[in-house]
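Q: Below are the structure tokens for one structure; questions will follow.
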Amino acid sequence: MARLLDIGLDRVRNLIMDMAILARDSVNAALESYETGTMLRAQIFEYSEKLRVLQLEVADFTTELIARYQPVARDLRFIQSCMDIAYGFSRFGRYAYDIADVLETIGPIPDCDKSRVVDMAKTVKDMITLSVDSLKKLDKDTSKKLYMMDDSVDALYRSYLRLVLAPSKASYSYSEVRCFVSALLILRYLERISDHACYISDCVHYIVTADSSPRR
Amino acid sequence: MEELIREQEQEIGKPLEGIDKYKVVIRNINGWFGTKQALKNINLNVKEKTVAAFIGPSGCGKTTLIRCLNRMHEMTPGARIEGEVLVDGQDIYDRSMDPVIVKRRVGMVFQKPNPFPTMSIFDNVAAGLKLNGIKDKKLISEVVEEGLRGAALWDEVKNELEKPGMSLSGGQQQRLCIARALALQPEVLLMDEPTSALDPIASSKIEELVRVLKEHVTIIIVTHNMQQAARISDSTAFMYLGEMIEYGPTNQIFKNPEKELTERYISGIFG
């Protein structure tokens with residue numbers, strides 16, 4: 001016979017998986033917008049708002065589960081981690097919206113070199129997929145791989161920042177400024193998304209082992 | 001399940017180091033009712049002025065174990081134990097130990113409040129003193145007040161000490177029993193499901209009391225209420241089928257138990 005708590009935990013799991021799909025879709029849409037020049041701010045805003053509402057729903061429901069069932073051990077760690085994971089996914093939505101907002105503010109940038117952002121975007125999308133998979137499978141070992149990917153994302157961001165600030169580029173044209181500013185901001189948002197992907201896998205590590213991730 | 005128990009059993013029963021740090025040391029305790037073994041090689045240490053909780057499903061041996069800690073188990077016909085229970089390093093089962101003195105040093109509060117039905121509130125608390133030959137009325141009055149204060153009952157009964165103990169509410173009766181135990185100034189207080197017959201308000205008063213009492217007394221409590229164990233104890237022991245499956249800091253037992261069997265029990269997967 002299933003425990004009453006299990007019914008609640010299943011509901012939390014489903015809410016988190018709904019958030020995972022929305023979070024991934026929102027980041028994908030924002031990056032597609034950058035690559036193709038299609039303006040998707042309204043749609044991404046909608047995703048972001050849905051994620052925010054779902055995060056509140058997870059917070060309310062997990063609090064209710066604690067009050068009703070006073071869970072312990074792995075159940076408690078799962079609930080506690082789901083609150084953090086829900087926050088992480090809501091941040092994915094927010095950063096995706098920030099990317100869309102930057103693109104709309106700056107306007108069309110078809111002639112910019114987008115290769116660096118596209119490269120980092122590929123890594124970050126892989127990180128999102130890995131973090132969601134680690135959550136589905138409760139795989140505690142994904143966090144190590146994600147932290148290595150996060151290091152490469154950080155390095156890419158810093159190298160681009162140095163490139164933009166290099167003395168040889170002291171005077172930029174207007175179109176170059178728009179390219180650099182948009183790329184730099186988007187790289188920064190991607191770098192933050194990468195961090196949150198790592199935090200999600202940290203949560204999975206905590207659920208499984210009760211220990212913080214070694215990196216933390 | 002049995003294989004799991006065997007596996008976990010091997011890690012329990014390791015030699016105890018630094019026993020002088022502990023108020024109560026239970027060493028290799030085995031207990032029987034007739035031919036039925038109720039306790040199997042229990043080892044456990046309780047630090048002074050802490051609260052230890054025993055949890056586990058019905059029939060796992062919690063009450064039997066706690067009754068071994070002040071020699072009450074042997075009062076049951078056909079019951080016997082082997083092993084040692086040290087209080088401050090002295091084996092309470094040593095031939096030289098007087099069982100009456102053991103019971104004075106290690107007090108007990110039971111599941112159902114059991115005030116002496118024909119006695120007043122005052123006499124209930126004073127009973128143990130009188131039985132121990134103390135006749136000084138002033139001293140007895142002081143100790144009764146101290147006991148009732150210690151049990152957080154004084155303010156509620158100070159003007160009606162001559163009323164029958166049975167006239168009190170269930171929660172007050174249980175605190176009266178605690179006062180009765182405290183009057184003998186025990187070093188260790190055993191509590192066998194002390195709140196199971198009480199309503200939530202009375203239960204929370206007992207829990208608050210336990211937190212205060214542990215400043216002076218070492219407390220060992222048997223409880224079926226895991227949340228209660230989590231709230232009030234410093235260490236928790238999980239027992240199953242007469243065996244000590246896991247014993248450790250309460251925080252660790254409820255957040256990250258080492259044994260799968262413990263996790264399954266506290267998570268409500270069996271029991």
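Read-outs throughout are calculated quantities, based only on the coordinates presented, and are distinct from any laboratory measurement. Everything numeric here is computed off the predicted structure, so don't read it as measured data. Methodologically, a virtual Cβ is constructed for each residue, glycine included, from the backbone with ideal geometry; neighbour enumeration extends over all protein chains shown.
Q: Report, as a whole number in µm² per second, the diffusion coefficient that Stokes-Einstein gives for the stretch B:2-266 at 20 °C and 1.002 mPa s using the Kirkwood radius over alpha carbon pairs.
A: Numbers: Rh = 19.0 Å.
Here the translational diffusion coefficient equals 113 µm²/s.
Q: So what is the relative contact order for the stretch B:19-107, in percent, with contacts set as C-alpha pairs under 8 Å and at least six apart?
A: On the way: 144 pairs, mean separation 30.4, N = 89.
This gives 34 percent for the stretch B:19-107.
Q: Follow-up question, since we're still on this one. Shielding of B:252-258 by partners, i.e. mean partner chain Cβ atoms within 10 Å per residue?
A: On the way: counts 2, 2, 5, 7, 9, 4, 1.
Per residue, the number of nearby Cβ atoms from other chains is 4 on average.
Q: Something else: Where Rh is the Kirkwood radius over the Cα pairs of the stretch B:41-177, the temperature 25 °C and the viscosity 0.890 mPa s, what D in µm²/s does Stokes-Einstein return?
A: Numbers: Rh = 17.1 Å.
My calculation gives 144 µm²/s for D.
Q: Among DSSP beta bridges whose residues both lie in chain B, state the antiparallel percentage, nearest 5. If you can, show how the numbers build up before the last one.
A: Values: 25 of 42 bridges.
Expressed as a percentage, antiparallel bridges in chain B total about 60.
Q: To continue, here is another question. Treating each Cα of the protein assembly as shown as an identical point scatterer and ignoring solvent, apply the Debye formula and state log10 I(q)/I(0) at q = 0.06, 0.12, 0.13 Å⁻¹.
A: With one equal scatterer per Cα and no solvent, log10 I(q)/I(0) is -0.45, -1.01, -1.11.
Q: In the stretch A:109-216, what chymotrypsin sites (Phe, Trp or Tyr not before Pro) fall in a loop by DSSP, with at most 16 other Cβ atoms inside 10 Å? Could the numbers behind the result be given before it?
A: Details: sites: A:Tyr147, A:Tyr157, A:Tyr160, A:Tyr172, A:Tyr174, A:Phe180, A:Tyr189, A:Tyr199, A:Tyr206; in loops: A:Tyr172.
Within the stretch A:109-216, the qualifying chymotrypsin sites (Phe, Trp or Tyr not before Pro) (loop, at most 16 other Cβ atoms within 10 Å) are A:Tyr172.
Q: What is the order of B:Met108, B:Met97, fewest Cβ neighbours within 10 Å to most? The partial results should precede the final answer.
A: Numbers: B:Met108 20, B:Met97 15.
Placing the least packed residue first, the sequence is B:Met97, B:Met108.
Q: Of B:Gly34, B:Gly150, B:Gly165, which is the most mobile in a GNM of chain B whose springs link Cα atoms less than 10 angstrom apart?
A: The residue with the greatest mean-square fluctuation here is B:Gly34.
Q: Does chain A come out rounded, prolate or oblate by the C-alpha gyration tensor, with a ≥ b ≥ c the root eigenvalues, rounded set by a/c under 1.5 and, if not, prolate when a/b is larger than b/c and oblate if not?
A: It is prolate, given that a/c is not under 1.5 and a/b is the larger ratio.
Q: Counting only DSSP beta bridges with both residues in the stretch B:145-264, what percent are antiparallel, rounded to the nearest 5?
A: Details: 6 of 11 bridges.
The answer is about 55 percent antiparallel.
Q: If you project the alpha carbons of the stretch A:27-85 onto the principal axes, what extent comes out on each, in Å, largest first?
A: 50, 18, 8
Q: Separate question: Tell me the mean residue ellipticity at 222 nm calculated for chain A from its helices only (DSSP H runs of n ≥ 4, each -39500 (n - 2.57), averaged over every residue, nearest 500).
A: Details: 6 runs with 178 residues, N = 216.
So the helix-based figure for chain A works out to -29500 deg cm²/dmol.
Q: Sorted by mean Cβ packing within 10 Å, highest first, what order do the peptides A:29-35, A:66-72 take? Don't jump to the answer; show the numbers that get you there.
A: Numbers: A:29-35: 20.4, A:66-72: 16.4.
Highest-to-lowest ranking by the protection proxy: A:29-35, A:66-72.
Q: Are there cysteines in chain A with no other Cys C-beta under 4.7 Å, and if so, which?
A: A:Cys82, A:Cys198, A:Cys203
Q: Let me ask something else about it. For chain B, what does the relative contact order come out to in percent, with C-alpha contacts under 8 Å and a separation of six or more? Kindly include the intermediate steps, with their values, before the conclusion.
A: Values: 519 pairs, mean separation 71.0, N = 271.
Relative contact order here is 26 percent.
Q: Per the Kirkwood treatment, what hydrodynamic radius in Å, one decimal, follows for the stretch B:187-245 from the mean inverse distance over all distinct Cα pairs? The partial results should precede the final answer.
A: On the way: mean 1/r = 0.0823 Å⁻¹.
In the stretch B:187-245 this quantity evaluates to 12.2 Å.
Q: Follow-up question, since we're still on this one. Rounded to the nearest 5, what % of DSSP beta bridges with both residues in the protein assembly as shown are antiparallel? Mind showing how you got there, number by number?
A: Details: 25 of 42 bridges.
DSSP beta bridges in the protein assembly as shown are roughly 60 percent antiparallel.
Q: Which residue fluctuates most in the GNM of chain B (Cα springs below 10 Å): B:Ala79, B:Ala38, B:Ala229?
A: B:Ala79
Q: In percent, what relative contact order does chain A have, based on Cα pairs under 8 Å that are 6 or more apart in sequence?
A: Details: 245 pairs, mean separation 59.6, N = 216.
Computed value for chain A: 28 percent relative contact order.
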